[in-house]
Structure formats: C-alpha cells, structure tokens
1. Measuring from centroid to centroid over Cα atoms, what is the spacing of the range 195-218 and the range 324-352 in Å?
2. Compare the Cα positions of L163, M175, Q148 along the charge dipole of the range 119-184 (+1 at Cβ of Lys, Arg; -1 at Cβ of Asp, Glu; about the Cα centre) and return the one farthest towards the positive end.
3. Given the protein chains as shown and a 1.4 Å probe, how many square angstrom of T194 are accessible, to the nearest 10?
4. Taking square-rooted eigenvalues a ≥ b ≥ c of the alpha carbon gyration tensor, is the range 3-162 rounded, prolate or oblate, where a/c under 1.5 means rounded and, failing that, a/b exceeding b/c means prolate?
5. Largest first, how would H178, H20 line up by accessible area (1.4 Å probe)?
6. Suppose every Lys and Arg Cβ carries +1 and every Asp and Glu Cβ carries -1, with no other charges. What dipole size does the range 165-349 come out with about its Cα centre, to the nearest 20 debye?
7. If the range 185-343 were replaced by its equivalent ellipsoid, with semi-axes equal to the square roots of 5 times the Cα gyration tensor eigenvalues, what would those be, largest first, whole Å?
8. Could you tell me what percent of the accessible area of the range 1-139 is made up of carbon and sulfur, with a 1.4 Å probe and every protein chain present?
Amino acid sequence: MKTQHSIHYGKEGLLTLASHIKMRGYSSLFVLTDTHTAHHCFDRFVNETGLTSLNVLTMTAGEEHKNIKTCETLWHELSSLGADRNSALINLGGGVVTDLGGFVACTFKRGIDFYNVPTSLLAMVDASVGGKTGIDFGPLKNQIGIIQEPVKVIIDSHWLQTLPYVELRSGFSEMLKHGLIADKAYWNTLQSLTTLSPNALAPYIERSVELKKDVVLEDPTEKHLRKILNYGHTLGHAIESYYLHHPSQKRLLHGEAIAIGMITEAYLSVAYCGMSKKEAQEIKQAFDRWFPKIEISSGDENEIFALLRHDKKNKGQAIRFVLLHQIGQPKIDIEVTSEHISEAFQFYADLS
Ligand SMILES: NC(=O)c1ccc[n+]([C@@H]2O[C@H](COP(=O)([O-])OP(=O)(O)OC[C@H]3O[C@@H](n4cnc5c(N)ncnc54)[C@H](O)[C@@H]3O)[C@@H](O)[C@H]2O)c1
Ligand SMILES: [Zn+2]
C-alpha cells in the first residue's frame, strides 16, 4: 500500500510532484481539470510546478457529469492525443475530477499512472485519498469503479482561496465525520470554530487526512474497518442521489447530503447502538449550526428509501449501517428496520 509515502503538502508538495514526474520521464503528461479548475487553478499549477508540455483535458464541472459519457470523451481525447501506457494523468480538481480521472486512468490501456491534486476541501480531506475511483451509473452514486491508489497526492490549501463558501462547508462536513468516527477530541476542536474560511480550516486538513489514511491502511478494500468512513453515507448517498435526479428539487452538495445522513444516523445510533440522546442532540446541533434545513416530504422519503435498497453496502434485503456507540466509537454492519428509518427522518424534521 503506497498511502503512507504518497501524500505531500503545500507548495513544496507541488515541487516534489514536479521533480518526481520529471524523474519518471513519462512519454506524455495529461492534466484533467473541470471548467472551474481550468479557470481558477490551472495557471497556478503550471507556475508552481514549472511543468511544461502538458496536455489539458477539461470536463464540465458538476456531479451530473461524473458518468460514463464523460469517461468516453476523455478516453477518446487521450487516444487522439497519442497517450500510451507510459503516459500519466494529473487530476486537478474536486472529488468529481479525482474520482472520475482516477477511473479513466485506471482503465485506459489497462491502467496508466495518475496523480491527485485536490482543489476542493472535500477532495483534500477525503476523495483524493484512499484509492477509491469511480463514476455514478444510472441513479446511483459510485456504482462503477476501481480501488487503485494514485502515485502521489499533493494537498495544498492555497487552492481553497477561490472555492465557493458552500463547497468549503461541504468539505467541512467530512471533517466533522472524521471526528465522529475516530476522534472525539478532534470533533470537539472543530466544534470550537466560529467561522468557516480557508484560513480557519487549513490547519485541520492534515489531521483529517491522517485519520482517513489510518483507516484505509488498515483495510484498503473495505472488508471491515474502512466501512466506518461510510457513517452518514448510507442515508446520505440515497438523499444525494434523490436530489441529483429530481430537477424540480433543490440540488444538494455531497457534504450537505451526508450532513443530513449523519443527523438521521445519530438517531439510529441511539436506537441500535446505545448512543446517548444527549450526544445525538449534540450531533444534530453541530450540523444545524452550519447547514440549512431541507424539507423532506413523505413522498421524498419513500423515494429515498427505494434508493437505499440499492446501496452497495447491503447484503440481501437487510439495510446495514455504520452507527456510533459514542462519538469516536463506530460499529459496522448494523441492520436497521424501515420503521426506524422513518423515525430518523422525523428526528431530522424536528430540528428547530
Ligand atoms: N473517492 C472517495 O473516497 C470519495 C470520498 C468522498 C467523496 N467522493 C466524491 O467526491 C465528489 C464530491 O467532491 P467535491 O465536493 O470536491 O465536488 P466537485 O469536484 O464537484 O467540486 C465542487 C465544486 O467546486 C469547484 N472547485 C473545485 N476546486 C475549486 C477551486 N479551487 N476554486 C474554485 N472552484 C473549485 C468544482 O469545479 C465544483 O464546481 C462526489 O462525487 C463524491 O462521491 C469520493
Ligand atoms: Zn463522503
């Protein structure tokens, strides 16, 4: 497993990337951006790394483009620009770019080297680390993919300067999750923040990466421990998919959807894992402080429930969750009934 030695930070990290790439002597180099990171990040990437002869590939920004069509376009472009097995791809963007770019790289000519340079907070603390690559398929998120580590990940918080506030907040949601599943003290520290800004959050990025890395090193292919990273994601992914595919509905960002997932799953943690009501309330309030409340009707709830059944973590018909015994103490593979899921939505709806 390469994780331990492959993450570098800051401007020096970008220089390390540049010298490593020069040393590797790739036959050609590709950079995948989306339409936003092409504008906000690409020039700085070139200036900081000094890399030349880069072929730029640009996908349209947004989760709705994290699909096989975009992959096809990129495979075509790689082919027509002469990419071969000794080419490499640098993913410069948020989690959509690192997930999809990783998948494109892993599948092109049975796999070429790829590097992640995450530019959103969410990609820095979560998506770019741990080797999960993939795309959405039909109404379901991350259905097609491969687990493959990038050669290196370069995390430079400077990119956050141009990231919209709501995207920053979305990444913060995953940082809170890291506290919930692994480190109560870290959770408490994040509670003490009074503002969410790049400068306020930058000092904590490395801690979140460490927490995720430790879990992934222990269980790279998600047989047991890695499942804890899915806290809030069983309901969160179903909620995210539902809002993604209903154009009449408000769009929810990943971090916004899993914020609802973490509140509802806190309720389930009380019902199934002995979490105290006080801690569940604390979790609810922590997210309520930063995230707007979404009205989820009973019709929405039914459709979300149908999506939940497709969740890849389920074996047979039972819906299995990662829940918390206490903040910082997760439990995996807990079967939950549909009645309790309805009550969990009620717990969320009762948010004052
Ligand atoms: N592989 C994993 O382990 C893993 C973990 C968590 C999430 N994910 C995936 O990550 C995705 C979400 O990631 P995301 O929130 O980064 O979404 P994203 O890639 O869509 O980025 C969010 C938005 O911010 C823009 N952006 C990114 N960096 C910017 C910058 N520096 N300045 C200005 N704009 C910038 C993007 O163009 C986009 O519009 C989801 O698809 C989710 O499934 C994967
Ligand atoms: Zn997530």
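1. The two parts, judged by their Cα centres, are 25 Å apart.
2. M175
3. 110 Å²
4. Details: a/c = 1.41, a/b = 1.18, b/c = 1.20.
Note, shape of the range 3-162 comes out rounded.
5. Numbers: H178 0, H20 35 Å².
Final ranking, largest accessible area leading: H20, H178.
6. Numbers: 22 positive and 24 negative charges, 38 e Å.
Roughly 180 debye for the range 165-349.
7. On the way: eigenvalues 116, 82, 53 Å².
Semi-axes (√(5λ), whole Å): 24, 20, 16.
8. Details: 3000 of 5660 Å².
Exposed carbon and sulfur together represent 53 percent of the surface.
The values are calculated or read from the model by the stated rules, or taken from the named source; none is laboratory data. For clarity, every value in this text was computed on a predicted model and none was experimentally measured. So basically every Cβ, Gly included, is an ideal-geometry build from the backbone, and we count neighbours across all protein chains shown. Note: areas computed on protein heavy atoms with side chains; ligands, DNA, RNA excluded. Shrake-Rupley method; radii C 1.70, N 1.55, O 1.52, S 1.80 Å.
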